[in-house]
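The values are calculated or read from the model by the stated rules, or taken from the named source; none is laboratory data. This structure is a prediction, so every number in the text was calculated from the model and none was measured. When we count neighbours, we look across all protein chains shown, and the Cβ atoms used for this are built from the backbone with ideal geometry, even at glycine. Protein only, heavy atoms only, side chains kept; ligands, DNA and RNA dropped before computing areas. Shrake-Rupley method; radii C 1.70, N 1.55, O 1.52, S 1.80 Å.
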Amino acid sequence: MADRVTVIGWDGSPLTDAARSALGAATLVAGAAHHLALPEVPHTAERVRLGSVALAARRIAAHRGTAVVLADGDPGFFGVVRTLRAPEFGLEVEVVPAVSSVAAAFARAGMPWDDARVVVAHRRTLRRAVNVCRAHTKVAVLTSPGAGPAELGLLLDGVHRTFVICEELGTEREQVTVVTSDKAADHTWRDPNLVIVIGGPAGPVAAGDGWIAGRDPAAGPRGWVLPDEVYGGGLGEGETDLLRSAQLARLGPRAGDLVWDIGCGSGAFATEAGRAGAAVIAVDRDVAACARTETAARRFGVQLQIVHGTAPHILENLPEPDVVRVGGGGAAVVSAVADRRPQRIVTHAATRDAAELVGRDLTEHGYRVECALLQSVELDTRAWTETERSVAFLLSGVLPDRAP
């Protein structure tokens with residue numbers, strides 16, 4: 001095992017005395033090509049091109065001597081330190097940090113970033129990174145080859161955002177470009193690059209100077225499911241707060257998910273799924289329902305994409321969902337949704353026959369089906385008398401090979 005491992009962050013500025021000292025004593029240096037070309041790298045040191053960090057970590061673990069790993073930005077922020085410290089390598093490291101590429105990018109843009117979401121996009125996580133960009137107004141995306149500005153722009157089809165694209169930060173070839181998301185695919189971008197994604201309707205601003213990075217959980221009203229009256233009345237029979245809370249519990253929308261809300265009605269479910277951090281596409285054939293949904297989303301500062309059209313036909317060109325609520329359309333729409341293979345589907349039915357029809361269809365599509373009869377009774381607490389009663393069959397389907 002290496003006698004000493006030092007990880008040095010580099011942001012293009014002159015190396016610190018601590019970094020120069022560590023490099024001067026190194027017998028092995030790992031880094032990208034531009035790191036290994038630095039004049040401070042000893043000519044006698046073994047050089048390891050940093051492609052796979054795991055492979056480099058094995059080389060370092062087997063090395064007898066002093067090792068240095070060079071990385072762009074702050075290596076402790078979505079960087080190599082996590083891999084090097086993994087238990088399978090047994091490496092203890094010293095870190096000489098630098099300004100992270102995220103901080104540098106926002107500095108170039110002249111913007112604060114304590115309220116931004118930060119995500120990493122590579123081929124496996126690109127879709128989830130895009131969903132975070134759909135759901136939030138300020139996101140920094142650390143890109144990779146094949147998951148860069150062009151791919152982000154293509155997958156954000158139908159959602160307008162502004163891209164601040166920072167190429168080769170900290171180098172002589174550094175360039176910062178501002179384009180709209182629909183134009184990002186028209187250009188070839190140099191790696192490495194970072195994209196600040198900005199846009200969407202502004203939500204309510206929390207009082208004070210801010211106290212937590214990312215989205216302030218206190219910015220909106222308290223409660224996972226809001227009372228029916230905050231949506232101004234006019235909720236459909238499948239939109240009561242009891243049924244909504246059960247649907248949200250079964251679907252469990254979260255950051256990185258894309259939720260379809262088909263038959264969005266008042267926008268209550270779509271808004272609350274968005275408040276949970278998920279990206280949401282709300283669909284309804286009624287123009288008035290789409291308008292109500294947009295009003296609800298704006299009121300609570302939620303980013304929704306609203307699509308006017310009739311299911312199942314309108315669903316054909318929508319991006320792949322993770323979880324789906326079917327608020328209207330019956331068995332035919334549920335069947336069309338199941339063909340797209342989301343992880344979870346939830347719907348409701350007014351009668352047992354309708355519930356059985358939907359349940360059989362979900363089972364035939366390979367879903368594990370659960371059904372519960374939900375009954376709520378509202379009481380006037382002055383006399384403890386019944387004022388309103390509602391009954392619905394709640395159906396949920398989970399695709400076993402895509403759970404959780």
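Taking first residues from the range 172-184 that are under 15 Å from ALA107 (Cβ atoms) and partners that are open to solvent by 100 Å² or more (accessible area, probe 1.4 Å), the Cβ contacts under 9 Å between residues at least 6 apart in sequence or on separate chains come to GLU174/ARG108; VAL176/ARG108. Scoring GLN247 on the criteria (1) surrounded by 24 or more Cβ atoms within 10 Å (Cβ to Cβ); (2) modelled with pLDDT under 95 leaves a single failure, condition (2). Just for the range 202-215: of the residues that are at pLDDT 70 or above and either open to solvent by less than 70 Å² (accessible area, probe 1.4 Å) or outside any loop (DSSP other than H, G, I, E, B) (or both), which one is nearest to ASP72 (Cα to Cα)? Selected residue: GLY214. Scanning the range 52-64 for residues that are open to solvent by 40 Å² or more (accessible area, probe 1.4 Å) and not basic (Lys, Arg) gives SER52, LEU55, ALA62. Evaluating ALA30 against the criteria (1) part of a helix (DSSP H, G or I); (2) surrounded by 14 or more Cβ atoms within 10 Å (Cβ to Cβ); (3) among the small types (Gly, Ala, Ser) leaves one unmet condition, (1). The residue of the range 8-27 that is most open to solvent (accessible area, probe 1.4 Å), among those that are in contact with an Asp or Glu (Cβ under 7 Å, 6 or more places away or on another chain) and assigned to a strand (DSSP E or B), is TRP10. For the range 234-263, residues that are over 25 Å from ALA129 (Cβ atoms), in contact (Cβ under 8 Å) with a residue 60 or more places away in the chain, not in a helix (DSSP H, G or I) and not acidic (Asp, Glu) total 4. In the set (1) buried (at least 17 other Cβ atoms within 10 Å of the Cβ); (2) over 19 Å from the mean Cα position of the chain (by Cα), the condition left unmet by PRO221 is number (1).
Meeting the requirement of 3 or more residues that are open to solvent by less than 60 Å² (accessible area, probe 1.4 Å) and in contact with a helix residue (DSSP H, G or I) (Cβ under 9 Å, 6 or more places away or on another chain), the helices (runs of 4 or more DSSP H) wholly within the range 93-161 are 126-135, 149-155. Collect the residues in the range 381-404 that are among the hydroxyl-bearing types (Ser, Thr, Tyr) and touching a residue at least 12 places away in the same chain (Cβ under 8 Å), keeping them in residue-number order. Matches in the range 381-404: SER390, SER396. Do we have ASP401 as closer than 26 Å to ILE281 by Cα, acidic (Asp, Glu) and part of a helix (DSSP H, G or I) here? Criteria met by ASP401.
Taking the listed residues PRO87, PRO112, PRO149, the one that is free of Cβ contacts under 8 Å to residues at least 24 places away in the same chain and more than 25 Å from ALA56 (Cβ to Cβ) is PRO112, with no other qualifying.
For the range 274-289, a tally of residues being surrounded by fewer than 21 Cβ atoms within 10 Å (Cβ to Cβ), touching a strand residue (DSSP E or B) at 6+ places or on another chain (Cβ under 8 Å) and in a helix (DSSP H, G or I) returns 1. When you scan the range 121-149, how many residues do you find that are within 13 Å of the chain's Cα centre (by Cα) and small (Gly, Ala, Ser)? The total comes to 4. Of the residues in the range 34-51, none is open to solvent by less than 10 Å² (accessible area, probe 1.4 Å) and in contact (Cβ under 8 Å) with a residue 40 or more places away in the chain.
Quick check: anything in the range 193-201 at pLDDT below 80 and surrounded by fewer than 18 Cβ atoms within 10 Å (Cβ to Cβ)? Yes, the range 193-201 contains a residue that is at pLDDT below 80 and surrounded by fewer than 18 Cβ atoms within 10 Å (Cβ to Cβ).
Filtering the range 57-85 to residues that are within 27 Å of GLY214 (Cα to Cα) and in a loop (DSSP other than H, G, I, E, B) leaves GLY73, ASP74, PRO75, GLY76, PHE77, PHE78, GLY79, ARG85.
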